[in-house]
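Novice: Please read through the structure below; I'll follow up with questions.
The values are calculated or read from the model by the stated rules, or taken from the named source; none is laboratory data. Model, not experiment: these values are computed from the prediction. Note that each Cβ is placed from the backbone with ideal geometry, even for glycine, and that neighbours are counted across all protein chains shown.
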Amino acid sequence: MIEKLEKLNSIAISELYKTSDINAINLWHTKHLGKKSHLMAYLRNLGQLPAQDRPKVGKLANEIRYKLENAYDEHKNTLVSQPTTTNKNSIDITLPGRPINRGRLHITNIVLRKIYSIWADMGFQIYKSREIETDELNFELLNIPKHHPARDMWDTFHTNTPGVILRTHTSPGQIHAMRTYCPNPIRVILPGMCFRYEQITARSEIQFNQVEGLAIGTNIRFSDLKGTLSTFAQRIFNKNTKTRFRASHFPFTEPSAEMDVECFLCSGKGCGVCKNTGWLEILGCGMVHPTVLSNGGYDPNKHTGFAFGMGPERIAMLKYGIDDIRYFWGNDLRFLEQF
Amino acid sequence: MKAPLSWLKEYIDINIDPHALADLLTFAGLEVEAIHYMGMSMPTQNKSHTKITGMEWDPEYIVLAEITKIEAHPNADRLVLAEVFDGQGIHPVITGAPNLLLYKETGTVETPIKIAYAREGATLYDGYSDDHKTTTLSRKTIRGLESYSMICSEKELGISEEHEGIIVFDTNAPKPGTPLVDYIGDAIFDISLTPNMSHNTSILGIAREIGALTNTKLRPPVTDIKIDQSKKSTFEMPSIKIVDPALNSRFTATLIENITVRPSPYWLQLRLKISGMRPINNVVDVTNYVMLEMGQPLHAFDYDVLSERAKNTPAITTRLAKNKEQLTSLDGVERTLNTSTLLVTDNAGPLSIAGIIGGLKSEVTNNTSNVLIEAASWDMINIRKTIVDQQLQTSQAGYRFSRGVSPALALNTNQRASEMLRIMGKGSILHNTKDVYPIKHTTNKINLPIGEINRSLGIQIPTKEAIRILESLEFHVTKEKDSLQITAPDHRLDVGTKETGIADIIEELARIWGFDNIPETQLDDLSPKQHNNINLEKEELLRDLLVTLGLQEIVSYRLSSAKLEQLVCCEDTGPHITLANPITPERSIMRKSLMASTLACASENCRHQQRISIFEIGPVYIPKNTTDNNASSDEALPTEVLRLSIVLYGKNEQLSWINNSDKSMDYFVLKGIVDEILNGIHISDYSIEPDNHPAFQTGATALLLIKEKPIGHFGILNSKSTSKLGLKDHSTLAADFNLSAIIEFMPNRHTIKPVSKFPPVIEDIALIVDENINSNQITSLIAKTGGSILKNTQLFDVFRGEQIGEHKKSLGYRLTYQSDSKTLTDKDAAKLRNKIVKTAKKLYGAQIRDS
Ligand SMILES: [Zn+2]
């Protein structure tokens, strides 16, 4: 009797580990632990055994039943989590890991930090200034007098306090920085949020970041501006990036220029993003206007300087193929989680 | 502005392709945004900066031709049959053009009508299509007659949208068979001019730039008038009085008598059309033409009307309008003027709004026979204001005056236009031009030390080349030993003096010499002393810390609404910095609550996210509490305070096969983040206290204090407000901290605690205390009592139940004792434990719980 039970047990165990899918294991359970199984028959029929054998056989049968149920559970769990393998020690290594809640910076700050680090390498430190400004700092001291046609270049948000506006560019930071450091040389970048009175569309926003740069010294020339900005372009895009400079106009620089970089998406062959020109407009720049130098406290006969301004959102759009500027402040997590 | 190539060529020889010219102009700061090709062959590949539109006219297929005979179509009333000679043969052409229908019964025409003819197989725009679809002419039958070719309208050739009639050329057009492209083929440059380029808002100005860029000599137009001495005038010249010369520095007038007003010849109409202006009649057209050519706007008055109004010799006065003075402008709008509107008036009242638009009454009509041509100089700031006041942004004259027109131009331009009109209108000029010029334009003189060029550009442009560039732009230059003495040309208002003048001159040199020809160098100037940026470094450190805590950064609009802030904060957050010109009520104030912005973001995302954990760092704007109306704008600037806001909403864990619990994030998820922030920035002197705030749920509101200064609240938000934002499925957790203050408290450095080499003794104790005692009170008591030996106090269990009695809780702590100098015995630990239990009992009535 005891031997029979032992045999039943070893057969059941060996058959259990041969099952490799849910159906087979269910059938196994019916066969070995179901109502009609041999084991159950023994348990039901204990009463027919001689009295002295009953406790011993009963105990063993129950132990076997308990062991088999446990083995069944364990094997079934392995099978469920890893249906393709028959090895009881292996796991489905393709199952997703435990979800981790990862944090990220906003894309604008990712790009800003990249810009900061490149300029830091070139000795340009960050200088921040306020976002709500006076008309004087935002315009007049930058050689943009009241009523001047040049004012048409900026659509301005006015506050209900006369003479107080939302800054339209980071350029007022030029005056702040000059007045802080005069008469010493300056190399700073002025990052921050700016505002324009516009409709919000795929191409235009009411707020955007700008990173302005300012270098002032006794021997700073347009050729330095070209070299410095080309180096920047090669660092932020790639080392073969070509640049070109077109004459332009900003009231606070003279001469003024726009810098284009060769389109890195099509290597200058022409594509949709560069409107088939092979070039992308990246930033405006120029030599600091003598009036602005004077307003900052510097003597334009002794000092020269250059300034430039770029939009991190525009750079992000180009780098990541973002076709709608509204993504930035829309804060759709499905967008932000892609960085 | 639009500049046709053919027109430019009248003043300058151009021997390069239009797209090469466009690039040249663009790089010199005259951005050519588009080239519209009208017949001329187009580049096969466009690699320039410029957009290209238009069509080519095949010289074999599209030619000049003559209509020799016109007959009615036998089967159709609205069609005629024209016989067309194209230099090779006679072709029958069926057309319904209204301007040929007039000739329906004519038969052979006396003077052949010169037209544009498209031969069989020609490719043209479909005149009936609105989107410039091309079509190729083939044989077909129209009302029983065969047709294979066409007399062209402007639309079919891409000249304009005009499809009402066919083009009828002037009688002196070239002979039949001449390719049309050779006669009127063109390329029209659409140039965007920056405000400093006001002197280039003319064909002549652009031509001058091309001359400088290509080293070619300019041929300026002749500007003399011919006064007929043989006739005697029936009129006196009007008197001219300028009330305020500061606003009107010059006024010139020429009278042309006995003129015939009629449509302009086709060539003139064509030039105006392709330059973006509508032909009216020869008088108006000539004033517009010469304005486009020279850059100085002109105006024509019907002198018969002026004489009639004056009942004698007209007396012209320029002055500011009286308040609410009325004038009907020639667009038919009855305008109410204000005291800053400059007017040209006569004895009877206003004639025109100076420099912008004429009055309806003195407008030149087909019955006009005597015309007074005005060319005057107006203050640009005044004109700018009136353009805005009167909503006249589309005025071409206003556009030019508002950007600055040199008074030096007025006389020449007036005479150029008057002479053209005298010839074209077959009239006479019998009086010399009247020129009232109270404030003479002075030209600035600049002394340019030659070394300044290198000092600014980093390259020494050869002096000879510098002189050539400046002279080609009509500067007067005298070379001295080490400098150039330069006088700005008459037509320039933008050239300054001294340092400003030098910068202006160097800009001209740089852009004509070419930025490409300036080398690239690296800065070798003295490097400035580096400055500390400690606050910014701390801000970035916090950003990184929050990211490592699993939070997604967001950046919202700084512009918000008082309504949103009121909703989120459950209190009036005003007063705010308010915008005078908001684009929408939702963005009409500068935010004062960062939490409101961050919560709005959670609200936007909650429909498609299981778990939102976001933070924002950014300024809020606190208006100065100033009641002083005389405060300068500087003093009125708000304080910009940096804040940190955190919002958590949703499931505690993302759904996965390994965990499908439905639990929401609770207060303690946020509390863990706050603890870890404080830990990460090494601030220890802080406390967290229960508080009340309308935005938060009562009983779940915490106040963070650092060094006893309140930093901000965190906790579970009031569901009344969050449910209005659609955040209904879970508790919304938020923190709103003053980051500027936190940064102030952040230590610049911190020191570490040494790690003990001796084994620790670890034991668990449980203390039963009254429900109203905060766990933090017990925790700090334990830590304080344990002193330096107690290395770690971890609360691992909070239990309530019958066993310990009502209104009681049991706090389970795991304590780690460890000495830095010896191995602790159980006895040492027990001593300390007893001290802790005793103190807790004394201060809080705590009982030790037996396990
Ligand atoms: Zn491209």
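Novice: Of all residues in the stretch A:300-320 being part of a loop (DSSP other than H, G, I, E, B) and without any contact (Cβ under 8 Å) to a residue 12 or more places away in the chain, which is farthest from the other protein chains (Cβ to nearest Cβ)?
Specialist: Pass one, the stretch A:300-320, residues part of a loop (DSSP other than H, G, I, E, B): A:300-303, A:311.
Now narrow it down to the ones that are without any contact (Cβ under 8 Å) to a residue 12 or more places away in the chain: A:300-301.
Working: A:P300: 4, A:N301: 7 Å.
Checking each candidate, the answer is A:N301.
Novice: OK, next. Scan A:Q210, A:Q234 and give me the residue that is more than 8 Å from chain B (Cβ to nearest Cβ) and in a strand (DSSP E or B). It would help to see each step written out before you state the result.
Specialist: On the way: A:Q234 fails: in a strand (DSSP E or B).
A:Q210 is the lone residue from the list that is more than 8 Å from chain B (Cβ to nearest Cβ) and in a strand (DSSP E or B).
Novice: While we're looking at this one, here's another question. Take the stretch B:755-779 and flag every residue that is in contact with a strand residue (DSSP E or B) (Cβ under 9 Å, 6 or more places away or on another chain) and aliphatic (A, V, I, L, M). Walk me through how you get there before you give the answer.
Specialist: Our first condition is that a residue be in contact with a strand residue (DSSP E or B) (Cβ under 9 Å, 6 or more places away or on another chain); within the stretch B:755-779, this holds for B:756, B:760-771, B:773-779.
Correct list: B:V761, B:I762, B:I765, B:A766, B:L767, B:I768, B:V769, B:I773, B:I778.
Novice: Let me ask something additional. Which numbered condition trips up A:T228, out of (1) touching a strand residue (DSSP E or B) at 6+ places or on another chain (Cβ under 7 Å); (2) buried (at least 23 other Cβ atoms within 10 Å of the Cβ); (3) within 11 Å of another protein chain (Cβ to nearest Cβ)?
Specialist: Unmet condition: (1).
Novice: The conditions are (1) among the aromatic types (F, W, Y); (2) out of contact with any Ser or Thr (no Cβ under 6 Å at 6 or more places or on another chain); (3) within 30 Å of B:H199 (Cβ to Cβ), and B:F301 fails exactly one of them. Which is it?
Specialist: (2)
Novice: Scan the stretch B:820-845 and report the pairs whose first residue is more than 16 Å from B:I765 (Cα to Cα) and whose second residue is surrounded by fewer than 14 Cβ atoms within 10 Å (Cβ to Cβ) and among the hydrophobic types (A, V, I, L, M, F, W, C), with Cβ atoms within less than 9 Å and a gap of 6+ or a chain change.
Specialist: So the pair list comes out as B:D820/B:F758; B:S821/B:F758; B:K822/B:F758; B:T823/B:F758; B:L824/B:F758.
Let's see how each residue does on (1) in contact with a Lys or Arg (Cβ under 9 Å, 6 or more places away or on another chain); (2) more than 18 Å from A:K275 (Cα to Cα); (3) surrounded by fewer than 17 Cβ atoms within 10 Å (Cβ to Cβ):
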site	(1), (2), (3)
B:Y11	yes, yes, no
B:H19	yes, no, no
B:L25	no, yes, no
B:E33	yes, no, yes
B:A76	yes, yes, yes
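Novice: Counting only residues that are near the ligand (Cβ under 6 Å from one of its atoms) and either polar (S, T, N, Q) or within 14 Å of A:K242 (Cβ to Cβ) (or both), how many does the stretch A:266-277 have?
Specialist: The total comes to 2.
Novice: It is to be established whether one or more residues within the stretch A:268-284 are at the interface with another protein chain (Cβ under 10 Å from one of its Cβ atoms), surrounded by 22 or more Cβ atoms within 10 Å (Cβ to Cβ) and in a loop (DSSP other than H, G, I, E, B).
Specialist: Scanning the stretch A:268-284, I find no residue that is at the interface with another protein chain (Cβ under 10 Å from one of its Cβ atoms), surrounded by 22 or more Cβ atoms within 10 Å (Cβ to Cβ) and in a loop (DSSP other than H, G, I, E, B), so the answer is no.
Novice: Going by the structure shown, is B:V555 modelled with pLDDT of 95 or more, at negative phi, in a loop (DSSP other than H, G, I, E, B) and within 10 Å of another protein chain (Cβ to nearest Cβ)?
Specialist: Values: modelled with pLDDT of 95 or more: yes; at negative phi: yes; in a loop (DSSP other than H, G, I, E, B): yes; within 10 Å of another protein chain (Cβ to nearest Cβ): yes.
Here the answer is yes, as B:V555 does meet what is asked.
Novice: Now, a different point. Among the residues of the stretch B:432-480, write down those that are part of a loop (DSSP other than H, G, I, E, B) and among the small types (G, A, S). Don't jump to the end; show me each part of the working.
Specialist: Quick first cut of the stretch B:432-480, residues part of a loop (DSSP other than H, G, I, E, B) only: B:432-433, B:437-444, B:450, B:458-462, B:473-475, B:480.
Selection gives B:G458 alone.
Novice: Out of B:L815, B:L795, report the one residue that is aliphatic (A, V, I, L, M) and within 60 Å of the chain's Cα centre (by Cα).
Specialist: On the way: B:L815 fails: within 60 Å of the chain's Cα centre (by Cα).
That would be B:L795, the only listed residue that is aliphatic (A, V, I, L, M) and within 60 Å of the chain's Cα centre (by Cα).
Novice: Name every residue in the stretch B:768-790 that is over 60 Å from the mean Cα position of the chain (by Cα) and among the polar types (S, T, N, Q), in order of residue number. Give the steps one after another, and end with the answer.
Specialist: Narrowing the stretch B:768-790 to residues over 60 Å from the mean Cα position of the chain (by Cα): B:768-773, B:778, B:781-790.
B:N772, B:T785, B:S788 - these are the residues of the stretch B:768-790 that are over 60 Å from the mean Cα position of the chain (by Cα) and among the polar types (S, T, N, Q).
Novice: Give the residue that is farthest from the ligand (Cβ to nearest atom), with candidates limited to residues of the stretch A:255-265 that are more than 17 Å from A:K319 (Cβ to Cβ) and out of contact with any helix residue (DSSP H, G or I) (no Cβ under 7 Å at 6 or more places or on another chain). Steps first, please.
Specialist: First pass over the stretch A:255-265, keeping only residues more than 17 Å from A:K319 (Cβ to Cβ): A:255-258.
Adding the requirement that they be out of contact with any helix residue (DSSP H, G or I) (no Cβ under 7 Å at 6 or more places or on another chain) leaves A:256, A:258.
Details: A:S256: 25, A:E258: 17 Å.
In this case the residue turns out to be A:S256.
Novice: Scan the stretch B:618-629 and tell me whether some residue there is within 34 Å of the chain's Cα centre (by Cα), assigned to a helix (DSSP H, G or I) and surrounded by fewer than 23 Cβ atoms within 10 Å (Cβ to Cβ).
Specialist: No, the stretch B:618-629 contains no residue that is within 34 Å of the chain's Cα centre (by Cα), assigned to a helix (DSSP H, G or I) and surrounded by fewer than 23 Cβ atoms within 10 Å (Cβ to Cβ).
Novice: Additional query: Quick one: is B:E604 crowded, with 17+ Cβ neighbours inside 10 Å, at the interface with chain A (Cβ under 9 Å from one of its Cβ atoms) and of a type in the set (D, E, K, R)?
Specialist: Details: crowded, with 17+ Cβ neighbours inside 10 Å: yes; at the interface with chain A (Cβ under 9 Å from one of its Cβ atoms): yes; of a type in the set (D, E, K, R): yes.
Yes.
Novice: Which of (1) within 7 Å of chain A (Cβ to nearest Cβ); (2) within 30 Å of A:N109 (Cβ to Cβ); (3) of a type in the set (D, E, K, R); (4) under 33 Å from the mean Cα position of the chain (by Cα) does B:K529 not meet, given it meets every other one?
Specialist: Among (1) within 7 Å of chain A (Cβ to nearest Cβ); (2) within 30 Å of A:N109 (Cβ to Cβ); (3) of a type in the set (D, E, K, R); (4) under 33 Å from the mean Cα position of the chain (by Cα), the lone unmet condition for B:K529 is (4).
Novice: Residues of the stretch B:30-46 being part of a strand (DSSP E or B) and either within 13 Å of another protein chain (Cβ to nearest Cβ) or not hydroxyl-bearing (S, T, Y) (or both), which ones? Give the steps one after another, and end with the answer.
Specialist: So the first thing to find is which residues in the stretch B:30-46 are part of a strand (DSSP E or B), and the list is B:31-39.
Within the stretch B:30-46, B:E31, B:V32, B:E33, B:A34, B:I35, B:H36, B:M38, B:G39 meet the criteria.
Novice: Mind checking which residues of the stretch A:285-299 are within 23 Å of B:S527 (Cβ to Cβ) and in a loop (DSSP other than H, G, I, E, B)?
Specialist: Hits for the stretch A:285-299 are A:G296, A:G297, A:Y298, A:D299.
Novice: For the stretch B:321-344, what are the residues that are of a type in the set (S, T, N, Q) and assigned to a strand (DSSP E or B)?
Specialist: Taking the stretch B:321-344 first, the residues of a type in the set (S, T, N, Q) are B:323, B:326, B:328-329, B:336, B:338-341.
B:Q326, B:T328, B:S329, B:T336, listed by residue number.
Novice: Considering only the stretch B:383-428, how many residues are in a loop (DSSP other than H, G, I, E, B), out of contact with any Pro (no Cβ under 8 Å at 6 or more places or on another chain) and more than 23 Å from B:L330 (Cβ to Cβ)?
Specialist: Of all residues in the stretch B:383-428, those in a loop (DSSP other than H, G, I, E, B) come to B:390-395, B:404-408, B:425-427.
Those still in the list that are out of contact with any Pro (no Cβ under 8 Å at 6 or more places or on another chain) too: B:390-395, B:406-408, B:425-427.
Next, only the ones that are more than 23 Å from B:L330 (Cβ to Cβ) stay: B:406-408, B:426.
Qualifying residue count for the region: 4.
Novice: Out of (1) surrounded by 11 or more Cβ atoms within 10 Å (Cβ to Cβ); (2) of a type outside the set (G, A, S); (3) part of a loop (DSSP other than H, G, I, E, B), what's the single condition that is false for B:N772?
Specialist: B:N772 satisfies all of (1) surrounded by 11 or more Cβ atoms within 10 Å (Cβ to Cβ); (2) of a type outside the set (G, A, S); (3) part of a loop (DSSP other than H, G, I, E, B) except (1).
Novice: Can I ask one more? Just one of (1) within 15 Å of the ligand (Cβ to nearest atom); (2) away from every other protein chain (no Cβ under 13 Å) trips up A:G296, so point out which.
Specialist: Failing condition for A:G296: (1).
Novice: To continue, here is another question. Provide a single number: the residues in the stretch B:443-476 that are surrounded by 19 or more Cβ atoms within 10 Å (Cβ to Cβ), farther than 23 Å from A:F222 by Cα and not hydroxyl-bearing (S, T, Y).
Specialist: Selection size over the stretch B:443-476: 1.
Novice: For the stretch A:241-254: of the residues being outside any strand (DSSP E or B) and more than 25 Å from the chain's Cα centre (by Cα), which is nearest to the ligand (Cβ to nearest atom)? It would help to see each step written out before you state the result.
Specialist: Kept after step one, since they are outside any strand (DSSP E or B), are these residues of the stretch A:241-254: A:241-242, A:251-252.
Okay, now just the ones that are also more than 25 Å from the chain's Cα centre (by Cα), so A:242, A:251-252.
Values: A:K242: 13, A:P251: 31, A:F252: 31 Å.
Looking at residues that are outside any strand (DSSP E or B) and more than 25 Å from the chain's Cα centre (by Cα), I get A:K242.
Novice: Here's a follow-up. Restricting the first residue to the stretch B:374-385 and requiring it to be within 11 Å of B:R403 (Cα to Cα) and within 9 Å of chain A (Cβ to nearest Cβ), which pairs with a second residue that is assigned to a helix (DSSP H, G or I) and modelled with pLDDT under 95 meet a Cβ separation below 6 Å and a spacing of at least six or different chains?
Specialist: Here the result reads B:M380/B:S402; B:R384/B:S402, each pair linking the stretch B:374-385 to a residue that is assigned to a helix (DSSP H, G or I) and modelled with pLDDT under 95.
Novice: Out of the helices (runs of 4 or more DSSP H) lying entirely within the stretch A:32-137, which hold 3 or more residues that are at pLDDT 85 or above and closer than 30 Å to A:Q207 by Cβ? Let's see the steps before the verdict.
Specialist: Working: elements: A:38-44, A:54-81, A:107-121.
Qualifying helices (runs of 4 or more DSSP H): A:107-121.
Novice: Restricting the search to the stretch A:84-115, which residues are out of contact with any helix residue (DSSP H, G or I) (no Cβ under 9 Å at 6 or more places or on another chain) and at the interface with chain B (Cβ under 10 Å from one of its Cβ atoms)?
Specialist: Hits for the stretch A:84-115 are A:P96, A:G97, A:R98, A:P99, A:I100, A:N101.
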